[in-house]
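One structure is given here, and the rest of the page talks about it.
The values are calculated or read from the model by the stated rules, or taken from the named source; none is laboratory data. All values derive from a computational prediction rather than experimental measurement. Cβ placement follows ideal geometry from the backbone for every residue including glycine, while neighbour counts extend to all protein chains displayed.
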């Protein structure tokens, strides 16, 4: 008899939807059907029980081919290389549960290396802004139950977070928002006329890279200097700025959701920093909150776990062993790659091969490269060692942090069929490193 | 199994009434016992002070708000490592952070001060799995966490409708779901109001849209707490915290407890614990006329036995304020313009975080420092007045030894006053300079272990050296017959124990972490019949208003670290 | 050179998300990510036919992609390649000391290259590190 | 003043952290003791003597000690970190954090310096004969207390984040600068003798920026109030004066609102 598992968490985007219904085969090895899920989520569950899934570690041979090895051999290989490296880097964790991220912290503290997560190329600038200016935010349920004005700035949930608008922001009817979309004003600020802009009441087609100026303009209006505005700022007419600022200032409860459009363009953290300043200003006249549209279902996780472990969310330098250091620009993965600061690379739960600029990939490939990931991807296909693991939310459970830092408890839906999960694998590597350190000392 | 005898120490154990007598303490299988065999390992405590392991009744050490504080303050870690004279790695993990230490440093630091139990003072129920993850990674000390109820929509509805039985069933369900310990209330109604940018600054300000007042919320939750007979009383951070003149709101709030009697099997005698009362004892009508209201507040506390308080002493450090009192943090940020974080949590609570520098050269900070100490020095019964710094709000918990020094030594207080730029103004606006009282070790033991343990309803297990209690023991390098004239030596003795034992295991020896044994998560398990109405209401709210599914809300068993349930039976 | 300087950005698309989960070596990923979305006026000016290949060159590399008129429109002077392997052949790794590369807002030259062939993801990445065994 | 000359004899494989190379740590030590001072290459703890040979002698105090660094130390970080006096001359390029958290003394780099030059500097003087990268005289991450005193002069160009969260002191960039000058500043002076792309004075409470070249994208939050003559770096020029950031909070002094200033050379 096929079995139905309800309240399953979806391991795709930062929405971390926890209402998925999965039907699995009698033997618990196959996903037969997935409901309440977006098109992308569906593919993950399908992939989880695909016959093509890699089930054994593979080590690159001198001729360039890959040969299957055992987990024991793979663990030994990684531990030995970590032990020898002067400054190894472990990067990734977009698709790892918190238990795995905690075990990774243990590995890199023991090894004395660098530890970084995908935020470094994604919402890392948001962390920098939070460091400098704080983070007046809320959980997504507050938006659902209270918000009457929603701003999407440099983010396109229609593509990147398919259920965000329907579950949390634009469409849902909540306690104080019984009319749903009808009583909400949606403002999209984006240089493209995106599919999200298509459902908005206002689309400000900003000149790419000039968000900071537009935020400054909004702040002037809120603080009472609207009359001093130039006729046009960042491609937006003064009248339009005044009109939209008025809507924001009159909100009962407003939320700004921001994305890569701010974190990846000139100024990076400063674009978010000033958005936070605007949020603070708006709280003088309205209630306003701001939230980063975190990309992966648990990419908030490493920031949370490592903050309680070391005090820093990413870009950790653990080489000194008795204290941690962090300074993105120096201790960030892409910068270290380009400066040739590290001498070993472990790609875990992500695909640096596809998502780093290619010059950074080339630099890292000069040194031993390990990929720990359930899938065949660009990183696995250029690595010296590929170790397949369970998929969190599919064949292992665990805690993940949604984009609003709400912890969601994920369930396991199918049998792991001999695959190790990240936590077990990493703890075994750390155990072996402890032995090597003890022998060395 | 294992046996230990601690020989010839000076014992201070208010639970047993032992006031510095020289005696031996026997330990068998992790518990205090009356005798052990000759094979017992001997710890020499001669010339030293022996107390039960410290119990912190109010501290913010684990959970989302604490952690966002860590995350947003990299500068709290700058040059604090051993690299430049900080703590060398002693335990399994490095120790990071000053005002908001990492979980590892938190556990190690408490243990080094002789503390073995800490009560996390504010757990947003929705974030409970996060709290439990951090508990897992906080070594050595036992931890309980109190869910916040003072702005909870369910409680608003039940209390407004005078349905105490339903409210009790909901509280019992939530304690079980979150593996929580007791009822925490923060700015009742005010944090919900803050979700609209508003606040409740008196106990009679109506909560927007909910047709209820803070006074009704507090009374309703006292009734709920005593209906259930929980080990701890309600644990209250009242309205109008931190504002000049707030002591009047505090007195109004304390009076809400009048007429209520404790009902429990745990030996608890209070119905209301008012936390960090320093922040609630301000007179004056502006920052310019700011002055101490400690006497007025403590006069009331001293004469009402059904109230306990903790002091929330200001330590004059650069620290990080964090509270579920969202509007307070916003207003604090409007004063100091440093960074501000805020997290409103759906249906339940909110929180805010602002770094703050208690600068001895600012008059108000000096007065705040005085008030914290005055609270303790005015207290008539130190079994009802406990030492805290509302960590990290008035200062990091690692400064408890410094607060003890100030309480034990007028000379130390005078030395600190002398460093203040506005010393005369501080003296004029406070009582501290005229107070010559100096607390003794027995009184310190009351404030730091026996009293808090009793108020938490846990004195049979913690804060006690009586037979049957957990063998949690602190041995300080301090000879009570020869207290050093230099107060700095008192602080040093309390900063790092000679020994700390946790459940009979030596975890600190000669100021160093030497073991990290297992530890517990303490929670309150209420056994009562399921309430169909409440379960219906819960399902409905999850369907309509929450963004997390009900079945994923309660903390899964595998995410609760070493649970140790305190059981309560309700017919 | 017949090209024109455009300002390039790279962002997520739902098609890319689906294809990525199917697999980065899949036909779906290939189809989803090796396109450049442009404004029709820019394409006309450059003499680029819809759905023909172009060469995109930046300070840090070049890549052949297929030009389409953006459905999520861009204004003239702006172009978009969906995030992934093809975009990252030209994304500059400079981070302004933040750790995040210049994914959004960097100058590229786009020129018609109707006779150039598109490369697969594997060909590009393995090729860059000397592991590509194909032709 | 006594001089210690340290000459590179061995390049590190990765980057070397030279936090020990300060007059404070050299003062009063013999050359053999100086060679024993620690330096990190990743997780490996080395001694300075593993990479450098030392000649000369150190003074009794930091103020009386000069350090001359010879050889290509482009891959070495943290020269002069937290120094309080004395002098360092680096006859090469240097990597990040030159003069970070510096409180006194002087550092000269004959080549280029990388990012985080003079970060959170409190006093003293830094001269870079070549270019600097990003975050010249900025604050450490999260800190609202950036550079508070001293002088940084970069003869060449510099990148983004110049004087972020600055509260005092002076930064002079003789070449061009990129974006974000005096962002979040509450004091201090930045002089850019070349062009700036944009974002000068954003979120600035207080402070003075002098721009000699073009400012391509001025912020909307700045308003022209007049023309003034000012002496800058020893010469008097005429400037258009702009005040702002009008979007940011302002402080008052004797009832007058204090603004941040941008002076554009005419």
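Of all residues in segment B:150-188, count the ones that are over 19 Å from residue B:456 (Cβ atoms) and within 14 Å of chain A (Cβ to nearest Cβ).
7
State all residues of segment B:333-344 that are more than 8 Å from chain A (Cβ to nearest Cβ) and in a helix (DSSP H, G or I); if no residue qualifies, say none.
Within segment B:333-344, B:334, B:335, B:336 meet the criteria.
Given the condition under 30 Å from residue D:16 (Cβ atoms), touching a strand residue (DSSP E or B) at 6+ places or on another chain (Cβ under 8 Å), more than 14 Å from chain C (Cβ to nearest Cβ) and in a loop (DSSP other than H, G, I, E, B), answer yes or no: does some residue in segment A:340-363 qualify?
Yes, some residue in segment A:340-363 is under 30 Å from residue D:16 (Cβ atoms), touching a strand residue (DSSP E or B) at 6+ places or on another chain (Cβ under 8 Å), more than 14 Å from chain C (Cβ to nearest Cβ) and in a loop (DSSP other than H, G, I, E, B).
Show me the strands (runs of 3 or more DSSP E) entirely contained within segment D:14-64 in which 1 or more residues are crowded, with 21+ Cβ neighbours inside 10 Å.
Correct list: D:38-41, D:52-56.
Looking at segment B:345-354, can you tell me whether even one residue there is touching a helix residue (DSSP H, G or I) at 6+ places or on another chain (Cβ under 7 Å), assigned to a loop (DSSP other than H, G, I, E, B) and over 13 Å from residue B:192 (Cα atoms)?
No.
What helices (runs of 4 or more DSSP H), lying completely within segment B:387-468, carry at least 2 residues that are out of contact with any strand residue (DSSP E or B) (no Cβ under 7 Å at 6 or more places or on another chain)?
In segment B:387-468, the matching helices (runs of 4 or more DSSP H) lie at B:400-408, B:410-418, B:423-428, B:441-445.
Can you tell me which condition residue B:527 does not meet? The list is (1) touching a residue at least 24 places away in the same chain (Cβ under 8 Å); (2) in contact with a helix residue (DSSP H, G or I) (Cβ under 6 Å, 6 or more places away or on another chain), and all the others hold.
Only one criterion in (1) touching a residue at least 24 places away in the same chain (Cβ under 8 Å); (2) in contact with a helix residue (DSSP H, G or I) (Cβ under 6 Å, 6 or more places away or on another chain) is unmet by residue B:527, namely (2).
Among the residues that make up segment B:127-136, is at least one of them at the interface with another protein chain (Cβ under 10 Å from one of its Cβ atoms), touching a strand residue (DSSP E or B) at 6+ places or on another chain (Cβ under 9 Å) and part of a loop (DSSP other than H, G, I, E, B)?
Within segment B:127-136, not a single residue is at the interface with another protein chain (Cβ under 10 Å from one of its Cβ atoms), touching a strand residue (DSSP E or B) at 6+ places or on another chain (Cβ under 9 Å) and part of a loop (DSSP other than H, G, I, E, B).
Being within 16 Å of residue A:91 (Cβ to Cβ) and assigned to a loop (DSSP other than H, G, I, E, B) is the filter here, so list the residues in segment A:288-316 that pass it.
Hits for segment A:288-316 are A:295, A:298, A:299, A:312, A:313, A:314, A:315.
Suppose we keep only residues that are free of Cβ contacts under 8 Å to residues at least 60 places away in the same chain and under 20 Å from residue A:114 (Cα atoms) within segment A:340-358. Which one would you say is surrounded by the most Cβ atoms within 10 Å (Cβ to Cβ)?
The qualifying residue surrounded by the most Cβ atoms within 10 Å (Cβ to Cβ) is A:353.
Pick from segment A:317-339 the residues that are surrounded by fewer than 24 Cβ atoms within 10 Å (Cβ to Cβ) and outside any loop (DSSP other than H, G, I, E, B): which of them is nearest to the other protein chains (Cβ to nearest Cβ)?
A:338
Taking into account only those residues within segment D:221-247 that are outside any strand (DSSP E or B) and surrounded by fewer than 18 Cβ atoms within 10 Å (Cβ to Cβ), which is nearest to the chain's Cα centre (by Cα)?
D:233
Would you check if residue A:371 is touching a strand residue (DSSP E or B) at 6+ places or on another chain (Cβ under 8 Å), assigned to a strand (DSSP E or B) and more than 14 Å from chain B (Cβ to nearest Cβ)?
yes
Within segment A:33-49, can you find the residues that are buried (at least 16 other Cβ atoms within 10 Å of the Cβ) and not in a helix (DSSP H, G or I)?
Matches in segment A:33-49: A:34, A:36, A:37, A:38, A:49.
Please find, within segment B:303-315, the residue that is farthest from residue B:244 (Cα to Cα) out of those that are part of a loop (DSSP other than H, G, I, E, B) and under 19 Å from the mean Cα position of the chain (by Cα).
Per the criteria, the residue is B:306.
With respect to the numbered conditions (1) more than 9 Å from every other protein chain (Cβ to nearest Cβ); (2) touching a residue at least 60 places away in the same chain (Cβ under 8 Å); (3) under 30 Å from residue A:24 (Cβ atoms); (4) more than 18 Å from the chain's Cα centre (by Cα), which one is the sole condition not fulfilled by residue A:376?
Just one mismatch for residue A:376, condition (1).
Please state which one of A:255, A:279, A:263 is more than 12 Å from chain D (Cβ to nearest Cβ), more than 30 Å from residue A:409 (Cα to Cα) and under 23 Å from the mean Cα position of the chain (by Cα).
A:279
Kindly provide the set of residues from segment C:104-126 that are farther than 27 Å from residue C:44 by Cβ and facing chain A (nearest Cβ under 9 Å), ordered by number.
Selection gives C:121, C:122, C:124, C:125, C:126.
Scan segment A:105-134 for residues that are within 18 Å of the chain's Cα centre (by Cα), in contact (Cβ under 8 Å) with a residue 40 or more places away in the chain, more than 16 Å from residue A:295 (Cβ to Cβ) and in a helix (DSSP H, G or I) and jot them down.
A:105, A:128, A:129, A:130
Among B:330, B:300, which is assigned to a helix (DSSP H, G or I) and under 30 Å from residue A:145 (Cα atoms)?
Going through B:330, B:300 in turn, the sole match is B:330.
Does residue A:388 fit the bill of being more than 7 Å from every other protein chain (Cβ to nearest Cβ), closer than 30 Å to residue B:557 by Cβ and surrounded by fewer than 24 Cβ atoms within 10 Å (Cβ to Cβ)?
Spelling it out, residue A:388 is indeed more than 7 Å from every other protein chain (Cβ to nearest Cβ), closer than 30 Å to residue B:557 by Cβ and surrounded by fewer than 24 Cβ atoms within 10 Å (Cβ to Cβ).
Can you give me the number of residues within segment C:12-51 that are facing chain A (nearest Cβ under 8 Å), under 23 Å from residue A:266 (Cβ atoms) and either surrounded by fewer than 23 Cβ atoms within 10 Å (Cβ to Cβ) or at pLDDT 95 or above (or both)?
Qualifying residue count for the region: 1.
Considering every residue within segment A:67-84, establish whether at least one is surrounded by fewer than 24 Cβ atoms within 10 Å (Cβ to Cβ), at pLDDT 95 or above, within 13 Å of another protein chain (Cβ to nearest Cβ) and under 18 Å from residue A:343 (Cα atoms).
Yes, because at least one residue in segment A:67-84 is surrounded by fewer than 24 Cβ atoms within 10 Å (Cβ to Cβ), at pLDDT 95 or above, within 13 Å of another protein chain (Cβ to nearest Cβ) and under 18 Å from residue A:343 (Cα atoms).
Condition first: more than 27 Å from the chain's Cα centre (by Cα) and touching a residue at least 24 places away in the same chain (Cβ under 8 Å). Now tell me which residues in segment B:23-34 satisfy that.
Answer for segment B:23-34, where residues must be more than 27 Å from the chain's Cα centre (by Cα) and touching a residue at least 24 places away in the same chain (Cβ under 8 Å): B:25, B:27, B:28, B:29, B:33, B:34.
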